[in-house]
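Here's the structure, in structure tokens; my notes come after.
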Amino acid sequence: MNQKLYRLGALLLVLGICLVAFPVYAVADGEFATWTGVRVDWQLNPEVKFRGTFQARTQNGLREMERGRLNVGMNYRVLPLLQLKGYYELQYRDRGAAGWKIGHRYQAGFIVSGTRRNIRLGWRELLQHTFMGGTNEAQLRSRLRIAYEPGNWVVYPYFSVEAFQPVGDKAFFSLPRVRYRPGVRWPFSRKTALDVYYCRQYDVKRCLNILGLNLEQYFGKNLPR
């Protein structure tokens, strides 16, 4: 128990330092933003899982809202290591001079993941198509994720890299957006967990330093530990 409390205290200390340091860093090198959300998973059976996510994003620190998004969809496990994914997303987003716009996004893809010796690796590919304000954009999102998940830790650290590639034009393989995301997942119980992360986003239009917080809630069978 003392060892767990020590790890938890160290984690909170690191997060506290980050909360102070990242806004300062963001002013000098990119814009500071926050992403907060709630995710609900319902495991219908070992193969089928429904998921709903609501997220709010700020820009210019905490001073302005950038968007709200509601994402719903399903994961279907076709093999022990392979899942198919399909989602629909409704967005309400600040488009600058054009004002606030409603957008629709569709996503389809797969994820391959597995665990060996407390190391969990995941490879995800998503094709997404976004319609907003009379325009549409198709992108391929490729993500690699590694997590350390020992059975006796209070929190589980992870790191992911995600690249965005335009589809259907000459800009393919240009990688206009890349996200680097270290974080920790803190399960309170088998049904509730907290995901805290920092995301560094490199973009051709603007770079972001993002502090993120997600609350995860699970229902149904075969719940995560």
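The values are calculated or read from the model by the stated rules, or taken from the named source; none is laboratory data. This structure is a prediction, so every number in the text was calculated from the model and none was measured. Because the Cβ atoms are built from the backbone with ideal geometry, glycine has one as well, and the counts that use them run over all protein chains shown. Side chains are part of the model used for accessible areas, which takes the heavy atoms of the whole protein and leaves out ligands, DNA and RNA. Shrake-Rupley method; radii C 1.70, N 1.55, O 1.52, S 1.80 Å.
Pull up segment 71-88, narrow it to residues that are free of Cβ contacts under 8 Å to residues at least 40 places away in the same chain and open to solvent by less than 40 Å² (accessible area, probe 1.4 Å), then point me to the one that is nearest to the chain's Cα centre (by Cα).
Looking at the filtered set, the residue picked out is Asn71.
Search segment 98-111 for residues that are under 25 Å from Arg51 (Cβ atoms) and pair each with any residue that is of a type in the set (Asp, Glu) and surrounded by 14 or more Cβ atoms within 10 Å (Cβ to Cβ) when their beta-carbon atoms are under 8 Å apart and the residues are at least 6 apart or on different chains.
Here the result reads His104/Glu89; Arg105/Glu89; Tyr106/Glu89; Gln107/Glu89; Gly109/Glu125; Phe110/Glu125; Ile111/Glu125, each pair linking segment 98-111 to a residue that is of a type in the set (Asp, Glu) and surrounded by 14 or more Cβ atoms within 10 Å (Cβ to Cβ).
Can you name the residue in segment 139-157 that is of a type in the set (Gly, Ala, Ser) and in contact with a strand residue (DSSP E or B) (Cβ under 8 Å, 6 or more places away or on another chain) and, of all such residues, is surrounded by the most Cβ atoms within 10 Å (Cβ to Cβ)?
Ala147
Of these, Phe188, Phe172, Phe164, which one is at pLDDT below 95, aromatic (Phe, Trp, Tyr) and open to solvent by less than 30 Å² (accessible area, probe 1.4 Å)?
Just one listed residue meets the conditions, Phe164.
Identify the residue in segment 52-68 that is open to solvent by 40 Å² or more (accessible area, probe 1.4 Å) and in a strand (DSSP E or B) and, among all such residues, is modelled with the lowest pLDDT.
Among them, the one singled out is Glu64.
For the structure I just gave you, tell me whether Tyr180 is surrounded by 14 or more Cβ atoms within 10 Å (Cβ to Cβ), assigned to a strand (DSSP E or B) and of a type outside the set (Val, Ile, Thr).
no
Given the conditions (1) over 19 Å from Tyr218 (Cα atoms); (2) at pLDDT 95 or above; (3) open to solvent by 30 Å² or more (accessible area, probe 1.4 Å), report the number of the one that Tyr25 does not fulfil.
Evaluating Tyr25 over (1) over 19 Å from Tyr218 (Cα atoms); (2) at pLDDT 95 or above; (3) open to solvent by 30 Å² or more (accessible area, probe 1.4 Å) leaves (2) as the failure.
Could you list, in sequence order, the residues of segment 82-101 that are at pLDDT below 95 and either touching a helix residue (DSSP H, G or I) at 6+ places or on another chain (Cβ under 9 Å) or not basic (Lys, Arg) (or both)?
Passing the criteria: Asp94, Gly96, Ala97, Ala98, Gly99, Trp100.
Return the residue satisfying two criteria in turn: it lies in segment 109-138 and is touching a Pro at 6+ places or on another chain (Cβ under 8 Å) and more than 26 Å from Leu79 (Cβ to Cβ), and of such residues it is least open to solvent (accessible area, probe 1.4 Å).
Here the residue is Ala138.
Would you please name the residue that is nearest to Glu66 (Cα to Cα), looking only at residues in segment 193-222 that are without any contact (Cβ under 8 Å) to a residue 40 or more places away in the chain and open to solvent by 30 Å² or more (accessible area, probe 1.4 Å)?
Only one residue tops the list, namely Lys205.
Confirm whether Gly16 is at pLDDT 50 or above, under 22 Å from Val184 (Cα atoms) and assigned to a helix (DSSP H, G or I).
Judged against the criteria, Gly16 is a match.
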